[in-house]
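Trainee: Would you mind keeping the following structure in view while I ask a few things?
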Amino acid sequence: MEDSVASLVRNRISQNIADEDSSSSLFAAPHAPALPLEKLLVRFTHYWSVPTEALVMACVILDRARNSKSAPRLTLTPKTAHKALTAAVVVATKFILDDFEKHSGIAMAAGIRPQTLTSLEMELLRLVDFNVFTDSSTWNSYISELESLAPASYPVFKALKGTSKLPKKQTKSCCVQ
């Protein structure tokens, strides 16, 4: 089932990847990684037990960073998507889970150093003004959008509707490990 969720989230994120690669941000790699985004997400869910909620929340966080009112904004390109997605999944997982392990495993799965991942997390949090809280209306709209990408017989998102799976509103104290 995680493979299917990864595919849906990859499709959602891929809709926002620009063709041009003029980005020189911290998220930019020298070249586009050969590993498809879907396989990266599958690695996260398989080796690091990233919950489905974190994948949905990563979409929210990436959209906020892309649509930030302050400069610079995150531009998703083939060279930035992997690092941005990795940072978003880590931030989302830390926000959702109470018990969080060191992120060296996810850094290894993404092919980056843990210190680099820490820098990416901080940059992403700055881009979203440390606001990763999502109200139920926004949450449900992302769930509905992902459901629309899924086959009709795919029930995974129905259990996520509502706020029962979301943490209560938190202050700007999202921690970086």
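Trainee: What fraction, in whole percent, of alpha-carbon pairs in segment 70-134 exceed 18 Å separation?
Mentor: Working: 717 of 2080 pairs.
Tail of P(r) above 18 Å: 34 percent of Cα pairs.
Trainee: Subtracting the Cα-Cα distance from 0.36 nm times the residue separation, let me have the gained length for THR116 to ASP135 in nm, one decimal. All intermediate terms of the calculation are to be shown ahead of the outcome.
Mentor: Working: separation 19, 0.36 × 19 = 6.84 nm, distance 3.00 nm.
Between THR116 and ASP135, full extension yields 3.8 nm more.
Here, each number is a calculation from the coordinates, and none is a lab measurement. For clarity, every value in this text was computed on a predicted model and none was experimentally measured.
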